[in-house]
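Structure first, commentary second.
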Amino acid sequence: VKAGTYKPTDGTDRTISFQLKEGVEIYGGFAGNETELSQRNWLKNPTILSGDIGETENAVDNSYHVIKAVGSLSDLITNKTIFDGFIVEEGYADGTYSNNNCGAGLYLTGASPLIRNTWFRKNNATASGGAVFGIYSASPVFGNVVFTDNTTSVNSGGAVCSYGSMQYYNCLFYNNHSNQSGGAIYDISKEGKVINSIAWNNNSRYAPVQFDGVSVSNSLVQGGHKGDGNIDEDPLFFD
């Protein structure tokens, strides 16, 4: 996919999302003149998937989910499905039903794709998982993924897993907010794991921890976190 901003629909139907399909690999970050995948530069050529489908900069009419991956127990979406090199922003999951008030950036059900080199930013859910929500055997793997400025009214501004197992490698969680538990991650199944990642300036209203329900190792976590090799040191960010 060439650099630029893309929206799930040209209309105003908030239920329409980009759909991940089993076995399909999607790569962003191209200038448009490459002939090989290795020639792309996803940092230099930002490819944005935006939920801002209605009135510009008015979040309440945005897409419920920017991206969805919908499988079933008999037909799961596996990690043969790859999503790599995108910015995912401005989803607004405020629907009245559970599948439309969780996971404003990415909603997963029966789906375990591989998510790499991606930035989830400025997504909001009125229930759980401001950026990402997974349910029913959703066990995605995130590698080199950034979560910033995502919010939720219930659990986890960053990501929520319900009955699955999410894994995060080399990820950054910054300035995500939850009104209940897990500013960065909340895992109901308590089977997820975070490795070699950074969590800083994430907050939750009732349980002041950045990670809730996941094992954490070899990571930098503000305020500290139990687990092997974790540290609480200034990450020395620059703008």
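The values are calculated or read from the model by the stated rules, or taken from the named source; none is laboratory data. Please read these numbers as outputs of a predicted model, since none were measured by experiment. All Cβ positions, even for glycine, are placed from backbone atoms using ideal geometry, and neighbour counts span all protein chains on display. These area figures cover heavy atoms from the full protein model, side chains too; ligands, DNA and RNA do not enter into them. Shrake-Rupley method; radii C 1.70, N 1.55, O 1.52, S 1.80 Å.
Taking every residue in the stretch 5-28 that is in contact (Cβ under 8 Å) with a residue 40 or more places away in the chain and within 12 Å of S50 (Cβ to Cβ) and pairing it with any residue that is part of a loop (DSSP other than H, G, I, E, B) and small (G, A, S), at least 6 positions away or on another chain, the pairs with Cβ-Cβ distances below 6 Å are P8/S17; P8/S63. Residues in the stretch 48-60 that are surrounded by fewer than 20 Cβ atoms within 10 Å (Cβ to Cβ), out of contact with any strand residue (DSSP E or B) (no Cβ under 8 Å at 6 or more places or on another chain) and closer than 22 Å to N99 by Cα: G54, N58.
Whenever a residue of the stretch 44-55 is closer than 16 Å to D13 by Cα and in contact (Cβ under 8 Å) with a residue 60 or more places away in the chain, its partners that are open to solvent by less than 10 Å² (accessible area, probe 1.4 Å) and part of a loop (DSSP other than H, G, I, E, B), lying with C-beta atoms within less than 9 angstrom and at least six residues away or across chains, give the pairs G51/N62; G51/S63; G51/H65; G51/V66; G51/G91; G51/A104; G51/G105; G51/N123.
Residue under question is S204, and the condition is that it be within 26 Å of D75 (Cα to Cα), polar (S, T, N, Q) and open to solvent by 10 Å² or more (accessible area, probe 1.4 Å); does it hold? Taking the combined requirement at face value, the residue does not satisfy it. When residues in the stretch 171-183 are screened for being open to solvent by 10 Å² or more (accessible area, probe 1.4 Å), modelled with pLDDT under 90 and either within 11 Å of the chain's Cα centre (by Cα) or within 16 Å of H225 (Cβ to Cβ) (or both), 1 of them pass.
Against the test of being part of a strand (DSSP E or B), modelled with pLDDT under 85 and either within 13 Å of I115 (Cβ to Cβ) or touching a strand residue (DSSP E or B) at 6+ places or on another chain (Cβ under 8 Å) (or both), the options Y186, Y163, Y168 yield a single qualifying residue, Y163. Looking only at the stretch 77-87, decide whether some residue is within 12 Å of the chain's Cα centre (by Cα), assigned to a strand (DSSP E or B) and under 26 Å from A184 (Cβ atoms). Yes: the stretch 77-87 contains one or more residues that are within 12 Å of the chain's Cα centre (by Cα), assigned to a strand (DSSP E or B) and under 26 Å from A184 (Cβ atoms).
Total residues in the stretch 216-239 satisfying the condition of being touching a Gly at 6+ places or on another chain (Cβ under 8 Å) and either surrounded by 17 or more Cβ atoms within 10 Å (Cβ to Cβ) or assigned to a loop (DSSP other than H, G, I, E, B) (or both): the figure is 5.
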